[in-house]
Amino acid sequence: MTHDGATAGVGAAPGGGAAPGVPRHVACVMDGNGRWAARRSLPRTAGHRAAETTVIDVIEAARSCGVRWLSLYAFSTENWNRPHAEVEFLMRLVRGVVRKHAPLLLARGVRCRFLGVTDERVPKELAQDFRDLTTLTEANRGMTLTVAFDHGGRRDIVEAARSLIRGGANADEVTERTFAAHLPYPDTPDVDLVIRTSGEQRISNFMLWQVAYAEWVFPQVLWPDFRAAHFLECLHTYQRRDRRFGGVPSQPNGAP
Ligand code: IPE
Ligand code: IPE
Ligand code: MG
């Protein structure tokens, strides 16, 4: 297991409160596909299909802005509660998207990973395609794209606890650092910015450990309408934030 110490950032104040630059790690809760379709009197599946363009746009935008880590929430452990036909559609759609865009991701130097994918209801062929893309792009050193699929933040935390116990850790050895090292992909740095589209303001069980000190933005735009320009706007909003990490405002009296 690789561990570059980045996960230790949760409690580590960078100090000084300097204006944030380009966020190292941006995570998106891709929300609003169903409403996008409903507004057009289309089935929800049409909204999911339209989301593909946004995904590619955001990957390209993040890369060109110099974002090093991009995480996309594609399917939650709670999304299994959706109607069977919608779940099945999503599984097929994601498989198609992964296969179609693998060459582009490889060419762009994007390292792809899939976070979750442990439920036996994930079709075997899809899980295989995820592994194939992971292997195909693992030597890439451009942006790291993490697709959270069949992901639940609580499940990751429980699994990390189990892994520590199985490894025989005693209570004194369990620190934020050792705990984080047992999460999946422990080299993933803390999330700096979360973008949740569609105006909903919830975490929905997304990367709970990693978002501990993230800044959040909630654009009203629905995910299928979200474009590079919206992404840039979110980055600008982030750059106007004063990240304090429990410290004091970076300007006297908190002046902007
Ligand atoms: C997000 O869009 C896609 C997934 C959760 C898979 P939704 O399908 O949640 O869209 P809304 O929230 O119903 O509009
Ligand atoms: C969160 O969106 C999950 C993904 C975007 C994959 P949901 O639409 O499923 O979340 P809730 O149900 O509104 O919390
Ligand atoms: Mg939703």
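Only the coordinates and a few stated rules stand behind these numbers; no lab work does. Please read all numbers here as calculations on a predicted model, not as lab measurements. Using ideal geometry, Cβ is built from the backbone for each residue, glycine included, and neighbour counts are taken over all protein chains shown.
Largest mean-square fluctuation among TRP36, TRP69, TRP223, in a Gaussian network model of the chain whose springs join Cα atoms under 10 Å apart, belongs to TRP36.
In the frame of its principal axes, the range 25-239 has Cα extents of 56, 41, 35 Å, reported largest first.
Here each label is just a point 7 Å from Cα along the line to Cβ, and for ARG92 and LEU232 those points are 3.8 nm apart.
Just ASN140, ASN205, ASN170 to compare: in a GNM of the chain, with alpha carbon springs under 10 Å, which one fluctuates most? The residue with the greatest mean-square fluctuation here is ASN170.
Annotation: for a label point projected 7 angstrom from Cα along Cα→Cβ of ARG154, residues of the range 188-214 with backbone N closer than 15 Å are 203-209.
Working from label points 7 Å from Cα in the Cα-to-Cβ sense, the GLU120 to GLU60 distance is 4.2 nm. Take the Cβ atoms of GLU78 and ASP172, set R0 to 35 Å, and the FRET efficiency comes out at 0.50.
Add -39500 (n - 2.57) for each DSSP H run of 4 or more in the chain, then divide by its residues: what number comes out at 222 nm, to the nearest 500 deg cm²/dmol? Intermediate results must be reported in sequence, preceding the final value.
Values: 7 runs with 98 residues, N = 256.
Helices in the chain give a 222 nm mean residue ellipticity of -12500 deg cm²/dmol.
In this label model, ARG162 and LEU104 are separated by 3.6 nm, measuring between points 7 Å along each Cα→Cβ vector.
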